[in-house]
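Trainee: Next up is a structure, given as C-alpha cells.
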Amino acid sequence: MRRELSGSIILEDTITRLRDKNTEPFEFRRLLQKLGRMLTYEIKGLNGRGVDIDTPLMSTTGVLVPDNIVVISVLRAALPMADAVLNEFETAKLGIISASREEMKLDRSFTINSNYYNTPDLNAKIVIIVDPMIASASTILFVLEKINQENPQKIIILAAISAEYGIKRVEEKFPEVDIYSGVIDEQLNSDGYIVPGLGDAGDRIANTSH
Ligand code: URA
C-alpha cells in the first residue's frame, strides 16, 4: 500500500519550504520534523492495546498504541524525522542503520555502503523505517532485505519525498510493505537525485556539501 499525503495547505507549505534551496539548515531540520509528525498521524491499520480506565466521571475503555513498535533511523538523513516519529510513539524502541550510496549502476541503482547496524530484536515487531528520500530505492531495499530476515510482524516506510521509480521497485519486491510519502515526484536525474526533489537531504540537515 502506498499513500501520498495531500489536501493539506500545511503539507504543501512544508514541502515547498523543504524544496527551497534558500531554506536554512536549522529550518530544514525543523520542517522535516514537522513532516515526520504529519506522516506519523497518517499511519493507519495498527491494532492498539485495549485498556480499562477511569475518567473523573466514570469507568470506560480506551486504546493505547501497541508496545511492539521499533523505529529505524537510516543514517544520516533520517535523524530529524525519526526524532519526530519517536516523540509520537513514546514507547517505541529505536534501531539505527547506516546506509549510503556508493557507485551508480547502469539502471541508476546504487551499491550501498553500510558500516553500522544496531537494532533491537525485530521478531514480531511493527517496524517503522524512516528514510526521507526514496529515489532509486537502493538504500531502502538494502535496509528492507536486512530487516525482513528478522521476521517482523509489519513493515512501514515513512519518506518525505519519493520517486515513482523507487516506489515501484519497493512494491515489486516487498508488496506487503506500507509506504507513506509526503509527496511522490515523477523523475530521477542522471545522478540519481529526485527532481524537483530537495537536493541531498543529508547535506541539508548537516549543513555540509558532501
Ligand atoms: N537522497 C537524497 O538526499 N536526495 C535525493 O534526491 C536522492 C537521494
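Trainee: I'd like to know which of Asn207, Leu141, Gln153 lies farthest towards the positive end of the charge dipole of region 137-210, counting +1 on Cβ of Lys and Arg and -1 on Cβ of Asp and Glu.
Mentor: Gln153
Trainee: Assigning unit charges at the beta carbon (Lys, Arg +1; Asp, Glu -1) and nothing else, what dipole magnitude in debye, to the nearest 20, does the chain show about its Cα centre?
Mentor: 120
Trainee: Now for a different question. What pairs in Lys125/Lys146; Lys93/Lys173; Lys34/Lys168; Lys93/Lys125; Lys125/Lys168; Lys105/Lys168 have C-alpha atoms more than 22 Å from each other?
Mentor: Checking Cα-Cα distances, Lys93/Lys173; Lys34/Lys168; Lys125/Lys168 exceed 22 Å.
Trainee: Can I ask one more? Relative to the first principal axis of the alpha-carbon coordinates of the chain, what is the inclination of helix 164-173, with its axis defined by its Cα atoms, in degrees from 0 to 90 and to the nearest 10?
Mentor: Orientation of helix 164-173: about 60 degrees from the principal axis.
Trainee: So, one more: Roll a 1.4 Å probe over the protein chains and send me the accessible area per residue for the chain in Å².
Mentor: Result: 51 Å² per residue.
Trainee: Could I ask something else about it? How large is the charge dipole for region 43-143, taken about the Cα centre, if only the Cβ atoms of Lys, Arg (+1) and Asp, Glu (-1) carry charge, to the nearest 20 debye?
Mentor: Roughly 320 debye, rounded to the nearest 20.
Trainee: How about Lys44: which aspartates and glutamates have a C-alpha closer than 19 Å to its C-alpha, ignoring those fewer than 8 places off in the same chain?
Mentor: Glu4, Asp67, Glu88, Glu90, Asp131, Glu171, Glu176, Asp178
Trainee: Ignoring GluC sites (Glu not before Pro) that are buried or in helix or strand per DSSP, and keeping those with at most 12 other beta carbon atoms within 10 Å, what is the longest stretch of the chain between them?
Mentor: 1-89
Trainee: Now a separate question. What percent antiparallel are the DSSP beta bridges of region 118-203, to the nearest 5?
Mentor: Taking every DSSP beta bridge with both residues in region 118-203, the antiparallel ones total about 10 percent.
Trainee: Please give the calculated 222 nm ellipticity per residue for the chain, where each DSSP H segment of at least 4 residues contributes -39500 (n - 2.57) and the sum is spread over every residue; nearest 500 deg cm²/dmol?
Mentor: So the calculated ellipticity at 222 nm is -9500 deg cm²/dmol.
Trainee: Compute the separation of the alpha-carbon centres of region 23-46 and region 62-128 and state it in Å as a whole number.
Mentor: 15
Trainee: Here's a follow-up. With a 1.4 Å probe and all protein chains left in place, how much of the accessible area of the chain comes from carbon and sulfur atoms, in whole percent?
Mentor: Using a 1.4 Å probe with all protein chains present, the chain comes out at 49 percent carbon and sulfur.
Trainee: Amide H to amide H under 5 Å from Arg2: which residues, 5+ apart in sequence or cross-chain, H placed 1.01 Å off N in plane?
Mentor: Under 5 Å from the amide H of Arg2: Ile179.
Trainee: Here is a follow-up. Largest first and in whole Å, what are the equivalent-ellipsoid semi-axes of the chain based on the Cα gyration tensor, each being the root of 5 times an eigenvalue?
Mentor: 29, 21, 16
Trainee: Taking the Cα centre as origin and putting +1 on Lys and Arg beta-carbons and -1 on Asp and Glu beta-carbons, what dipole magnitude results for region 121-210, to the nearest 20 debye?
Mentor: Charge dipole of region 121-210: 160 debye, to the nearest 20.
The values are calculated or read from the model by the stated rules, or taken from the named source; none is laboratory data. Just so it is clear, the model here is predicted, and its values are computed rather than measured. Cβ coordinates were reconstructed from backbone atoms using ideal geometry, including for glycine residues, and neighbour counts include every protein chain displayed. Side chains included, ligands, DNA and RNA excluded: accessible areas come from the protein's heavy atoms. Shrake-Rupley method; radii C 1.70, N 1.55, O 1.52, S 1.80 Å.
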